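The structure appears below as structure tokens.
The values are calculated or read from the model by the stated rules, or taken from the named source; none is laboratory data. Remember, it's a predicted structure, so these values are computed and weren't measured experimentally. Cβ placement follows ideal geometry from the backbone for every residue including glycine, while neighbour counts extend to all protein chains displayed. Heads up: the accessible areas ignore ligands, DNA and RNA and are worked out on the full protein's heavy atoms, side chains in. Shrake-Rupley method; radii C 1.70, N 1.55, O 1.52, S 1.80 Å.
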Amino acid sequence: MQDIIAEYMKKGGHTCFTADDGIDALMILKSSPMDLMILDIMIPHIDGFAVCKMAREMSNMSIIIATD
């Protein structure tokens, strides 16, 4: 699902970063300011809810939480 969403975002002219776990997502957020985060609840190392809370402390961006 991550690859499909990233491909559509790139086709729309948006810069897109992907992360395979919560730690990588937070590291990317620290180094690259962004306008939107699409976040899965079930991710390795740090769950999506914790990543969302930490991201909120670092940024005022919009966050979409997805799950299957």
Quiz item: Using r as the Cβ-Cβ distance of T67 and K10, and R0 as 22 Å, what FRET efficiency do you calculate, to the nearest 0.05?
Solution: 0.45
Quiz prompt | Relative contact order for the chain, counting Cα pairs under 8 Å that sit 6 or more residues apart, in percent | solution = 30 percent
Practice problem: Counting helices only, and only those DSSP H runs with n ≥ 4, report the 222 nm mean residue ellipticity of the chain as the sum of -39,500 (n - 2.57) divided by its residues, in deg cm²/dmol to the nearest 500. | Solution: -13500 deg cm²/dmol
Self-check item: Cβ-based net charge around I65, under 14 Å, with every Lys or Arg adding one and every Asp or Glu removing one
Solution: -1
Quiz item: Counting only protein heavy atoms and using a 1.4 Å probe, what share of the accessible area of the chain belongs to carbon plus sulfur, as a whole percent?
Solution: 56 percent
Self-check item: Summed residue charge, Cβ within 10 Å of M1's Cβ, Lys/Arg positive, Asp/Glu negative
Solution: -3
Quiz item: Binned at 5 Å from 0, what are the whole-percent values of the Cα-Cα distance distribution for the chain, short to long?
Solution: 3, 17, 31, 28, 16, 4, 0
Practice problem: Compute the accessible area per residue over the chain, keeping the other protein chains in place, probe 1.4 Å, unit Å². | Solution: 74 Å²
Quiz item: What nm value, rounded to one decimal, do you get for the distance between D3 and M27 when each label is placed 7 Å out toward the C-beta?
Solution: 2.2 nm
Quiz item: Ordered by packing density, taken as the mean number of other Cβ atoms within 10 Å over each peptide's residues, highest first, how do 37-50, 1-14 rank?
Solution: 37-50, 1-14
